[in-house]
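Beneath this line is the structure, given in structure tokens, with notes to follow.
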Amino acid sequence: MMINNYGSCPLNCESDFVVETASCIYLVETKMRKDLDDIEVKSKARAALHYCQNATRFTTQNGGKPWKYVLIPHDAVLLNASFDALMGRYEYQE
């Protein structure tokens, strides 16, 4: 995704995973916890959120599913962490 508005993502922003469930499409990234406050990480997160908002607007008007951006700290990905719990806890919102 190449976005230059809403947070000015000057680089080609690529998320780690796209996960489609029965009700939603998730754009998922994992980052080192210490990097979550980094200005570049925040800028890319805002760009990804904007992308998901635009994708949701289009897909829901055309019979599709909403998109959500999820930014997960690396140390939250555990064997006992369910997908739903991670998505609910780390959905990115400004």
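The values are calculated or read from the model by the stated rules, or taken from the named source; none is laboratory data. The model shown is predicted, which means the values in this text are computed figures rather than measured ones. Methodologically, a virtual Cβ is constructed for each residue, glycine included, from the backbone with ideal geometry; neighbour enumeration extends over all protein chains shown.
A few remarks follow.
- With respect to (1) among the hydrophobic types (A, V, I, L, M, F, W, C); (2) more than 15 Å from Glu14 (Cα to Cα); (3) surrounded by 12 or more Cβ atoms within 10 Å (Cβ to Cβ), the lone exception for Val70 is condition (2).
- Residue satisfying all of: in region 76-94; acidic (Asp, Glu) and without any contact (Cβ under 8 Å) to a residue 40 or more places away in the chain; surrounded by the most Cβ atoms within 10 Å (Cβ to Cβ) among these: Glu91
- Residue within region 25-38 that is modelled with pLDDT under 95, of a type in the set (Lys, Arg) and not in a strand (DSSP E or B) present: no
- Checked against (1) at pLDDT below 95; (2) out of contact with any helix residue (DSSP H, G or I) (no Cβ under 6 Å at 6 or more places or on another chain); (3) closer than 15 Å to Glu94 by Cα, Gln53 passes all but a single condition, namely (1).
- Subset of region 45-75 (residues that are assigned to a helix (DSSP H, G or I), in contact (Cβ under 8 Å) with a residue 24 or more places away in the chain and not acidic (Asp, Glu)): Ala45, Arg46, Ala47, Ala48, Leu49, His50, Tyr51, Cys52, Ala55, Thr59, His74
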